[in-house]
Amino acid sequence: MAGIAKERRLPPALPLATLIGRELRAGGSERPSLRYGHAGFAKRGEDYFLVKPDCLRVPGDTSTAFSVFAVFDGHNGVSAAVYSKEHLLEHVMSALPPDIGRDDWLQALPRALVAGFVKADIDFQRKGEVSGTTATLVVVDGFTVTVASVGDSRCILDTQGGEVQLLTVDHRLEENAEERERVTASGGEVGRLNLFGGQEVGPLRCWPGGLCLSRSIGDMDVGEFIVPIPHVKQVKLSNIGGRLIIASDGIWDALPSEAAAKACRGLPAELAAKLVVKQALKKSGLKDDTTCVVVDIIPSDYRLTSPQLSPKRNQSKFKSLLFGRRSHSSIGKLGGKSASFGSVEELFEEGSAMLEERLGRNLSLKATSAPLRCAICQVDQEPFESMMTEKGGSYCSSPCAPWGGPYLCLECRKKKDAMEGKRSSHSTACR
């Protein structure tokens with residue numbers, strides 16, 4: 001990517017509940033079926049992926065099902081990638097309010113993703129390990145897709161008409177001017193590797209540490225200006241569905257997004273993932289770990305076993321339905337809703353690295369009653385605890401750095417201030 005457009009929160013054309021209700025009243029199904037596959041080739045063995053197709057918002061209630069897919073590209077060891085695979089989703093789910101309906105749950109999800117990523121970073125750094133990882137986490141609930149990402153792993157959406165949409169932002173210092181400005185404003189230095197004699201080589205990196213990325217989970221040896229706050233984008237697909245391709249940079253350094261999508265059209269998900277990896281290796285060789293997860297979101301009222309079609313014709317129609325090889329006859333048999341083919345409703349997008357902007361002022365807090373619950377780590381505290389000193393130091397909560405966001409516990413406030421360059425997360429002094 002040569003750069004990014006200014007990130008912004010997009011007001012939905014219609015409220016999410018209205019979009020869902022409109023489809024249900026029209027007889028459409030809000031529950032597509034999913035088919036998925038994954039493939040990879042290891043060079044360093046630091047890539048990990050997550051596939052959880054049968055998650056439930058309400059235990060035991062299958063009508064509340066959603067699915068999660070993720071790719072983690074570790075560096076400086078595998079510890080951060082392994083930890084994120086095992087715990088990131090748990091932290092996100094703990095930040096979601098209980099006992100809310102589906103549309104409220106989806107609207108709360110972007111903020112919960114931010115809280116979950118920051119919580120995962122705090123917990124992993126407690127281990128004292130210097131490993132780090134990218135994280136691209138995708139939540140599929142019906143035709144609504146929510147993607148949160150730090151680093152340079154990427155998720156793209158391939159729609160019916162062959163239009164490819166990027167659902168993530170690459171947090172590479174070389175390509176992202178806004179992130180370079182943020183890192184330097186927070187106290188980091190950005191530059192290339194200096195060889196003996198002053199010659200500069202390689203991509204832009206942040207110092208100390210020499211990391212090429214501006215956002216990740218872990219990397220405690222680099223500096224708090226490398227933040228775990230994800231770019232989040234939420235879209236609602238039309239009832240024709242689409243294909244998601246989630247992959248590490250071993251794929252994207254070799255293949256542009258459009259080339260990866262085009263290369264695997266007409267293939268089922270498992271074969272598609274293998275072909276994307278094969279094409280990347282053919283183009284650039286095995287220079288890095290390569291991991292690819294492909295997810296097909298398929299209208300549930302589509303049946304491959306239609307008695308009017310032979311198995312061979314069914315397979316051809318199935319390929320046409322999702323991957324751009326459509327015919328006039330196949331359009332006519334999908335309920336006549338041709339106006340919605342290929343359309344994608346953008347519900348939300350935000351990439352700011354400021355927690356106050358991401359968590360907002362109106363989370364479900366009981367600010368005037370005890371106990372208070374931290375919006376990041378979900379730990380309850382009595383009000384007076386936030387004013388107490390820690391370990392004999394004088395780091396205060398509210399009086400030192402007042403802010404307009406929701407309540408944060410002492411440790412999470414210190415993390416927030418450190419990420420914004422106001423103090424080290426290990427500082428105990430009020431200033």
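The values are calculated or read from the model by the stated rules, or taken from the named source; none is laboratory data. Quick caveat: nothing in here was measured; it's all calculated off a predicted structure. Neighbour counts run over all protein chains shown; Cβ positions are idealised from the backbone, glycine included. These area figures cover heavy atoms from the full protein model, side chains too; ligands, DNA and RNA do not enter into them. Shrake-Rupley method; radii C 1.70, N 1.55, O 1.52, S 1.80 Å.
Points to keep in mind about this one:
- nm² value of the averaged projected area, convex hull over the Cα atoms of region 70-198: 11.3
- A simple rule links phi to the HN-Hα coupling: the Karplus curve 6.51 cos²θ - 1.76 cosθ + 1.60 with θ = phi - 60°, which for region 77-87 gives x, 9, 4, 5, 5, 5, 4, 5, 4, 7, 10 Hz, with x for Gly and Pro.
- Chymotrypsin sites (Phe, Trp or Tyr not before Pro) restricted to DSSP loop in region 180-280 with at most 15 other C-beta within 10 Å: Phe196
- Three-way shape label, region 38-130, alpha-carbon gyration tensor, a/c 1.5: oblate
- Here the convex hull built on the C-alpha positions of region 195-242 has a volume of 117 cubic angstrom per residue.
- Alpha-carbon centroid distance for the pair region 124-154 / region 185-216, whole angstrom: 23
- Computed from label points 7 Å out along Cα-Cβ, the spacing between Lys43 and Glu270 is 2.8 nm.
- Only protein atoms count toward the accessible area here, which uses a 1.4 Å probe; on region 94-193, the carbon and sulfur part of that area reaches 44 percent.
- Region 164-290 has equivalent-ellipsoid semi-axes of 32, 20, 11 Å, by the square roots of 5 times the alpha carbon gyration tensor eigenvalues, sorted largest first.
- For His87, His231, the ranking by accessible surface with the largest value first comes to His87, His231, using a 1.4 Å probe.
- Legend: residue pairs Lys43/Lys278; Lys85/Lys262; Lys236/Lys262, Cα-Cα distance threshold 25 Å; pairs beyond threshold, Lys85/Lys262.
- Considering only Trp252, Ala269, Val190, the residue lying farthest towards the positive end of the dipole of region 186-275 is Ala269, judged by Cα position with unit charges set on Cβ.
- Backbone phi angles across region 221-238, fed through the Karplus curve with coefficients 6.51, -1.76 and 1.60 (θ = phi - 60°), yield HN-Hα couplings of 7, 8, x, 6, 6, 8, 9, x, 7, x, 6, 10, 9, 10, 10, 10, 6, 5 Hz in residue order; Gly and Pro are listed as x.
- Dipole magnitude of region 223-263, debye to nearest 20 (Cβ charges: Lys/Arg +1, Asp/Glu -1, about Cα centre): 340
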